[in-house]
């Protein structure tokens, strides 16, 4: 019971916020509820295949393959793969974290995993097409050109900012979550 | 896009099933376990998204992004982009309308960039995997980087 409460405490807090909002402004609370229901539907549509794919990845891709292609010393190949896989992704950013966790567990380097998350967040191809149409080629292409080196630099800085115990912490977390 | 995702998943699942049934069952079990592990955080993020978007509706966003120009407007736009979670197919047309109504490219670029890279609402999911320190640094770097994106996009639209 207690464990369940701890696991769901963040969700319970958000529900409590919703209740407080309902007391203050019923209209806004109803609107929040309908937006939540709408996003839930969207998540239920996109998330299942992502998790099935990460399950398959976890089972089928051997560790040494991941290390060779995206691990330490994978060099440009690893960077390129991280950008490409991230860009081919679908779904919201929070879908990237569980996939990134499996990459990390399988031996991809921290830097490449961060590049993957960065690419997933900003250079997703389907989103780029949308952006190109709505905001024009100058906007979309400039952003793409600035973002790719930006993602790589951010990932490099992020890697530098982590000491060994941070890394160990993350690996432990990730292993627990993808057991 | 969702169709491609499903097609790819079904094909890979079929190949996996053909090659090894037991491994496939194991993969599905892993998928379910991974999903179940993060589900509480996902649920919280969804409710939070609902609350934030009901308060920060299109009108509010337009007001913040449309009125203030210059640096103050850019900072405001970056903050709005950081705390909202809108799918691209809604965000881009909205941004386009704002541009037509006189919003600056620098502000819109800051908004679009932080919207995609910075996730305040999804923070609880991120720390579950990467811990507080990494999540804070990643979001902070992405936030700062978005200003560079904004300046460059603003600049290319003036030349």
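Bear in mind that the values in this text are calculations on the coordinates, not laboratory data. A quick note: this is a predicted structure, and the numbers were derived from the prediction, not measured. Methodologically, a virtual Cβ is constructed for each residue, glycine included, from the backbone with ideal geometry; neighbour enumeration extends over all protein chains shown.
Among A:58, A:166, the ranking by other beta carbons within 10 Å of each residue's beta carbon, starting with the fewest, stands as A:166, A:58. Compactness ratio for the protein assembly as shown: Cα radius of gyration over 2.2 N^0.38 Å (N = residue count) comes to 0.99. Need one number: nm distance between label points at residue A:164 and residue B:14, each 7 Å from Cα along Cα→Cβ, rounded to one decimal. Result: 5.0 nm between the two label points. The distance from the alpha carbon centre of segment B:57-131 to that of segment A:7-29 is 24 Å, rounded to a whole number.
Mind giving me the FRET efficiency for residue A:15 and residue B:140? R0 is 41 Å, r the Cβ-Cβ distance, nearest 0.05 is fine.
Working: r = 29 Å, r/R0 = 0.71.
Calculated value: 0.90.
When A:76, A:66, B:116 are arranged by Cβ crowding within 10 Å, least crowded first, meaning fewest neighbours, the order is A:76, A:66, B:116.
Among B:20, A:169, A:164, A:147, what is the fewest-to-most ranking by other Cβ atoms within 10 Å? All intermediate terms of the calculation are to be shown ahead of the outcome.
Values: B:20 14, A:169 17, A:164 7, A:147 23.
With the sparsest Cβ surroundings first, the list reads A:164, B:20, A:169, A:147.
With a simple spin-label model that places each label point 7 Å from the Cα along the Cα-to-Cβ direction, the separation between residue B:151 and residue A:64 comes to 4.9 nm. Hey, what angle do you get for helix A:137-161 against the long axis of chain A, alpha-carbon based, 0 to 90 degrees rounded to 10? Compared with the principal axis, the helix lies near 80 degrees. With a simple spin-label model that places each label point 7 Å from the Cα along the Cα-to-Cβ direction, the separation between residue B:4 and residue B:36 comes to 3.3 nm.
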